[in-house]
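Shown next, in structure tokens, is the structure this report addresses.
The values are calculated or read from the model by the stated rules, or taken from the named source; none is laboratory data. Quick caveat, the model's predicted, so the values are computed rather than measured. Note that each Cβ is placed from the backbone with ideal geometry, even for glycine, and that neighbours are counted across all protein chains shown. For the accessible areas, the whole protein counts, side chains as well, though only heavy atoms, and no ligand, DNA or RNA atoms are used. Shrake-Rupley method; radii C 1.70, N 1.55, O 1.52, S 1.80 Å.
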Amino acid sequence: MEPTMKIIHYSDPEPKHFDAEGVKGVTGRVVIGKADGADNFCMRFFELSEGGYSPEHSHDWEHEIVIHSGKGEVLCEGEWKAVTNGHVIFIPGNEAHQLRNAGEDPLVFACLIPSGAPEL
């Protein structure tokens, strides 16, 4: 069956929650992925609660991030850089990175990754 256009709100897909050593207050959703017939990319949305942070990590693939709302910081070459709604981040493959919420409201961002990378 051929893929069809999909229009949803980013909060519609079932959330996956992450709270463990090295990660706190993270909710992730796959909004467009293989199940939709997307052969080249996967789009995910993440929400970091107040005080929340993603794990510091790196991987082979590049990815792009768009900050939707909230105030945060991204670890860039060992320094924390402030980001807020409208900022766009490019993270090359194999570069260590981490995001954290720096405000009281959730930090919400879209993350685009290439096909073949784990969707969530």
Please give the length that would be gained between residue 12 and residue 80 if that part of the chain were fully extended, namely 0.36 nm times their separation in residues minus their C-alpha to C-alpha distance (nm, one decimal). 21.4 nm
When you count, for each residue, the other Cβ atoms within 10 Å and take the mean per peptide, how do 29-36, 3-10 rank with the highest first? 29-36, 3-10
Accessible surface, per residue, of the chain when the full set of protein chains is kept, probe 1.4 Å, Å²: 61 Å²
Accessible area of the chain with a 1.4 Å probe: how many percent of it is carbon plus sulfur? 52 percent
For peptides 43-55, 94-106, sequence by mean Cβ density within 10 Å, most packed first: 43-55, 94-106
Restricting attention to the alpha-carbon atoms of the chain, what are Rg (one decimal) and Dmax (integer), both in Å? 14.1, 47
Ranked highest first by average number of other Cβ atoms within 10 Å, how do 110-116, 11-17 line up? 110-116, 11-17
What size of dipole, in debye to the nearest 20, comes out for the chain about its Cα centre when the only charges are +1 on Lys and Arg C-beta atoms and -1 on Asp and Glu C-beta atoms? 180 debye
